[in-house]
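Just so it is clear, none of the values below were taken in a lab; they were calculated from the coordinates. It should be emphasised that the depicted structure is a prediction, and the values quoted were computed from it without experimental measurement.
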Amino acid sequence: MVRRLVTFGRRSTPAPGLGRADIVAMFISSSIIGIAVSPIMTDIGTSPWVVMAAATFAWSGTGEVAFASVISSGGSTPSALVAAMLVSSRFGLLAMSLKDRWPASAIERVGMYHYASEVAVANAIDFQRRFGSESARRVFWQLAIPMAAGWSIGSGMGLALGNVIGDTRQIGLDVVFPASFVGTVVNGLTRRDTSVAVAGGMFAALGLTPYLPAGLPILIAALAAIPALLVAPTRLRGSDDDTEAGLA
Amino acid sequence: MTIYGLLGFVVGLFALRMFGGFGLSSLIGESESWQRLLGLIPLALVSAVVAIQVGTTGGELVFDARVVGIAVAAVMSKRGLPMAAVVVLAAAATAGTRALGWG
């Protein structure tokens, strides 16, 4: 069940939603990521209530990390905001990717776009392809709500933990956030077109980072989707299972 | 983050998302290519975020203990472990590598 959630695995049950174990796992993952991000914010002198408000209402871990890294390298608040918006611009693209996945009122659409995270969008798209629109909608909210709750709760726990541990890098908290995306990336490497998107995104981001302001490389890396579109969506040789790869 | 930073952060992100959902999406056609592109863009973005979070520090390329953690995460994901277990093992591998004196 959980495998299906994170790796877009084979269809094991006809149920058009996620199981409780999947949802709890995502709640816990989101909490752990919140724990990891809070100390990064307090390191730049952010007061606890601001950390909580940023986590709860802005709902962008990468945005917080980008903001903090500009401030800690001596940047101003406006330049930190620009970096945060650039890094978070993918949320605009994720919101865009939800277009017409299921019929929704204007109010639901505001909620969908606000809570459009990689995991919720990817799974909604996956379930839409396999089970239809109503299933996509159910899975999206099954993930979005626990993840948002876990994020706020985890952020609060991170504030407490940061006070106790000091340097949270010692316990490896700085890899928690990227590690949470690894399942999606690994799964993307099973098909030709999605592999191009993964490899292109990574190389563009790494290659451009030394030369461009924080945030821009990520935005440019999104363009890797264009060459990927030109590659046939066929399975790579050596891929050993029949799972449907990618977020397509 | 100051109070002004917080306000800019929250309002800016909300505007960004609504622009993507209500504004950008209306520019998009119905063809199969557009639908595929909408799936490939998030994947390229996710990959870029992972690469930057793991391979860079303050705008420079850095190769350190985070790479060990991510390698562990990749293997565990491939084996089908749930995400919560994957992130904990990745953190443990990175912490262990640092405890041994690298990165």
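So what are the radius of gyration and Dmax for the Cα set of region A:54-143, in Å?
Every Cα atom of region A:54-143 included, Rg and Dmax give 15.4, 50 Å.
Could you give me the ³J(HN,Hα) list for region B:70-85, computed from phi with Karplus coefficients 6.51, -1.76, 1.60 and θ = phi - 60°, whole Hz, x at Gly and Pro?
With the stated coefficients, region B:70-85 comes to 5, 4, 4, 4, 5, 5, 5, 5, 4, 7, x, 5, x, 4, 4, 5 Hz.
At 222 nm, what value in deg cm²/dmol follows for the protein assembly as shown if DSSP H runs of at least 4 each add -39500 (n - 2.57) and the sum is divided by all its residues, to the nearest 500? List each step's numbers first, then the result.
Numbers: 17 runs with 235 residues, N = 351.
Value at 222 nm, helices only, nearest 500: -21500 deg cm²/dmol.
Taking amide H positions as placed 1.01 Å from N in the peptide plane, with prolines and chain starts having none, which residues 5 or more places from B:Thr56, or on another chain, fall under 5 Å of its amide H?
It is B:Val62, by chain and number.
Could you state the orientation-averaged shadow area of the convex hull built on the Cα atoms of region A:2-173, in nm² to one decimal?
Directional mean of the projected Cα hull area for region A:2-173 stands at 10.5 nm².
Could you calculate, for the protein assembly as shown, the ratio of the Cα radius of gyration to the Kirkwood radius, expressed as Rg to Rh? Provide the component values of the computation, followed by the final result.
Numbers: Rg = 18.6 Å, Rh = 19.9 Å.
Taking Rg over the Kirkwood Rh, I get 0.94.
Out of residues 5 or more away from A:Arg191 or on other chains, whose amide H comes under 5 Å of its own, with H placed 1.01 Å from N in the peptide plane?
Residues meeting the criterion, in which the H sits 1.01 Å from N, are A:Leu236.
Test of understanding: in a Gaussian network model of chain A with alpha carbons linked when under 10 Å, which of A:Ile71, A:Ile44, A:Ile165 would top the mean-square fluctuation ranking?
Taking springs between Cα atoms under 10 Å, the residue moving most is A:Ile165.
What is the ratio of the Cα radius of gyration of region A:189-239 to 2.2 N^0.38 Å, where N is its residue count, to two decimals?
After normalising by residue count via 2.2 N^0.38 Å, the value is 1.25.
Per residue and in Å³, how big is the convex hull formed by the alpha-carbon atoms of region A:98-165?
For region A:98-165, the hull spanned by Cα atoms encloses 83 Å³ per residue.
In units of 2.2 N^0.38 Å, what is the alpha-carbon radius of gyration of chain B?
In units of the 2.2 N^0.38 Å rule of thumb, it is 1.46.
For A:Trp59, enumerate residues with amide H under 5 Å from its amide H, sequence gap 5+ or separate chain, H modeled in the peptide plane.
Here the answer is none, since no amide H 5 or more places off falls under 5 Å of that of A:Trp59.
Counting pairs of Cα atoms in region B:63-103, how many percent are more than 15 Å apart?
For region B:63-103, the fraction of Cα-Cα distances above 15 Å is 33 percent.
With θ set to phi - 60° and the Karplus curve 6.51 cos²θ - 1.76 cosθ + 1.60, what are the ³J(HN,Hα) couplings of region A:168-177 in order, to the nearest whole Hz, using x for Gly and Pro?
These are the phi-based 3J(HN,Hα) values: 6, 5, 4, 9, x, 5, 6, 9, 4, 5 Hz.
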